[in-house]
Amino acid sequence: MIYTTFGIPATADSYHAVADRDQLLTLLQQHRTTAPPLFILGGGSNVIFSSHYHGTVIHLENKGIHLIGHDPENGDLLVQAAAGENWDSFVRHCIDNHWHGAENLAAIPGTVGAAPVQNVGAYGTEAKDIIHSVLAIDTVTGQERTFTNDECRFGYRDSIFKNQLKGRYIVWAVTFRLHPRFTPDLRYKGLADALEASGLNNPTARQMADLVTTVRWNKLPRPEETGSAGSFFKNPVVPAAQYLQLKQQYPGLVAHPAGDNYKLAAGWLIEQAGWKGRSLGHCGVYHKQALVLVNLGGCTGSEVVALADAITADIQSKFGVTLEKEAIIL
Ligand SMILES: Cc1cc2nc3c(=O)[nH]c(=O)nc-3n(C[C@H](O)[C@H](O)[C@H](O)COP(=O)(O)OP(=O)(O)OC[C@H]3O[C@@H](n4cnc5c(N)ncnc54)[C@H](O)[C@@H]3O)c2cc1C
């Protein structure tokens with residue numbers, strides 16, 4: 001069985017599917033005495049095991065989605081979901097129950113537990129916009145800790161769980177702040193354009209999530225058809241002076257302001273450098289979106305690394321911009 005969306009077979013010293021908190025605590029206790037490297041696996045949609053993993057893999061499969069409270073001041077709903085829930089199923093469950101706010105994040109592959117770790121985002125919304133708090137388990141002490149939204153220190157595809165506390169906590173459940181009324185979030189122009197083209201004037205939450213799903217799969221490879229880890233690189237953030245210089249040289253450069261800096265579209269840089277549709281061995285650059293590396297069939301971990309390194313070096317030499325991987329390569 002392959003547990004990652006890139007579809008590269010890999011092995012580990014030990015693998016445990018965990019659906020129960022006591023089982024997790026027992027495993028962590030055993031782990032403390034031997035202390036091999038530990039990797040927490042969700043849906044495997046942002047990780048590539050490039051070779052044998054010399055350590056323990058804990059695959060979270062706990063389930064449950066519950067309305068746990070209302071905010072009397074503004075009527076917001078607090079909904080708690082287990083880390084092992086599939087993210088899209090969670091979004092759909094919320095829509096079915098008239099709990100709104102997650103519609104633009106429909107169809108992102110992976111689990112609820114990874115959403116705060118990665119601060120997943122799409123079409124103008126990020127997980128941080130709807131996360132109220134995160135219930136996590138300390139891998140060292142086995143104690144539970146609740147992180148408020150602020151304490152998660154969310155950033156672009158980033159959180160405290162990837163930085164200061166990397167590897168220390170396992171997200172066990174996430175509480176979301178959702179709304180009883182649906183208001184479409186059309187800040188992302190591509191989505192607003194797609195809505196206009198669809199002819200829907202007053203979309204329901206379900207229609208909006210369906211539209212998001214259609215827009216998404218028009219550009220990205222469906223995991224069940226083509227192996228990938230989604231966006232392979234992060235969009236690089238550069239100082240305004242560097243952006244202005246590049247813009248002068250490349251008037252078509254796609255970028256968005258990010259505070260005092262600019263976030264460049266990594267896909268545009270990669271496409272401009274001529275990589276779109278190219279391949280090295282069995283690993284390719286997706287023909288519809290240059291930010292995505294794909295498994296062309298029988299791809300190996302070292303082929304992914306070789307292609308990613310070749311692209312990174314080329315972008316550095318052509319544009320003076322350093323690409324950082326969004327996907328995790330082990
Ligand atoms: C086709 C495709 C499209 C994608 N589109 C988007 C997109 O639009 N926006 C976006 O943000 N991402 C996107 N992604 C990336 C991916 O969906 C997200 O990063 C997602 O959150 C990964 O979830 P996962 O459960 O698969 O995590 P995994 O890949 O299993 O793990 C990712 C990281 O999170 C950690 N982790 C996972 N679960 C837990 C837990 N419970 N506790 C602690 N750490 C944990 C892992 O250790 C690892 O470091 C896409 C991926 C694919 C394949």
- From phi via Karplus (6.51, -1.76, 1.60), per-residue ³J(HN,Hα) for the stretch 205-218 in Hz, x at Gly/Pro: 4, 5, 4, 5, 5, 5, 5, 4, 5, 5, 4, 4, 7, 6
- For the chain, what relative contact order do you get, as a whole percent, if you take Cα pairs closer than 8 Å and at least 6 residues apart? 17 percent
- Hey, got the dipole for the chain? About the Cα centre, +1 on K and R Cβ, -1 on D and E Cβ, debye to the nearest 20? 640 debye
- In the neighbourhood of T5 defined by beta carbon distances under 15 Å, the net charge of the other residues (Lys, Arg +1; Asp, Glu -1) is -2
- Task: Taking the Cβ of G142 as the centre, find all other residues whose Cβ is under 13 Å away and add up their charges (Lys, Arg: +1; Asp, Glu: -1).
- Result: +1
- Message: Which log10 I(q)/I(0) values does the stretch 196-330 give at q = 0.09, 0.13 Å⁻¹ under the Debye formula, counting every alpha carbon as one identical point scatterer?
- Response: -0.33, -0.64
- Task: Would you mind telling me which residue in A265, A102, A136 has the biggest mean-square fluctuation in a Gaussian network model of the chain, where springs connect alpha carbons within a distance under 10 angstrom?
- Result: A265
- Ranking by accessible area, most exposed first, for S133, S50, S317 with a 1.4 Å probe: S317, S50, S133
- Query: For the chain, modelled as a Gaussian network with Cα springs under 10 Å, which listed residue fluctuates most, L244, L264, L38?
  - Reply: L244
- Message: Using each residue's phi in the stretch 274-279, evaluate 6.51 cos²θ - 1.76 cosθ + 1.60 at θ = phi - 60° and report the 3J(HN,Hα) Karplus result to the nearest Hz, with x for Gly and Pro.
- Response: x, 8, 4, x, 7, 9
- Message: Can you list residues from other chains, or at least 5 along the same chain, whose modelled amide H is less than 5 Å from the amide H of W172?
- Response: L135, A136, I137
- Message: Per residue of the stretch 103-111, what does 6.51 cos²θ - 1.76 cosθ + 1.60 with θ = phi - 60° give for ³J(HN,Hα)? Whole Hz please, x for Gly and Pro, Karplus curve as stated.
- Response: 4, 5, 9, 4, 6, 5, x, x, 10
- Task: Would you grab the residues whose amide H sits under 5 Å from the one on E61? Only those 5+ places off in sequence or on another chain, please, with H modelled 1.01 Å from N.
- Result: V18, A19
- Ranked by accessible surface with a 1.4 Å probe, highest first, in what order do H256, H52, H31 come? H256, H52, H31
- Query: Per the Cauchy relation, a quarter of the hull surface: what is the mean projected area of the convex hull of the alpha carbons in the chain, in nm²?
  - Reply: 17.7 nm²
- Using modelled backbone amide H atoms (1.01 Å from N, in-plane), which distant-in-sequence or interchain residues come within less than 5 Å of L38's amide H? T56
- Charge dipole of the chain about the Cα centre (unit charges at C-beta), most positive-ward option of F49, A209, N97: F49
- Query: Local charge sum around Q289 (other residues, Cβ-Cβ under 15 Å, Lys/Arg +1, Asp/Glu -1)?
  - Reply: +4
- Among K128/K247; K162/K219; K189/K263; K128/K288; K234/K276; K128/K189, which pairs are too far apart, with a Cα-Cα distance over 23 Å? K128/K247; K162/K219; K128/K288
- Note on the structure: With T = 10 °C, eta = 1.306 mPa s and Kirkwood Rh from C-alpha pairs, the Stokes-Einstein D of the stretch 115-233 in µm²/s is about 97 µm²/s
- Task: Give the ranking of D96, D260 by solvent-accessible surface, highest area first, calculated with a 1.4 Å probe.
- Result: D260, D96
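The values are calculated or read from the model by the stated rules, or taken from the named source; none is laboratory data. Predicted model, so just to flag it, every value in this text is computed and none were measured. Counting neighbours? That spans all protein chains shown, and the Cβs are built from the backbone with ideal geometry, glycine included. Keep in mind that these areas ignore ligands, DNA and RNA; they rest on the heavy atoms of the full protein, side chains included. Shrake-Rupley method; radii C 1.70, N 1.55, O 1.52, S 1.80 Å.
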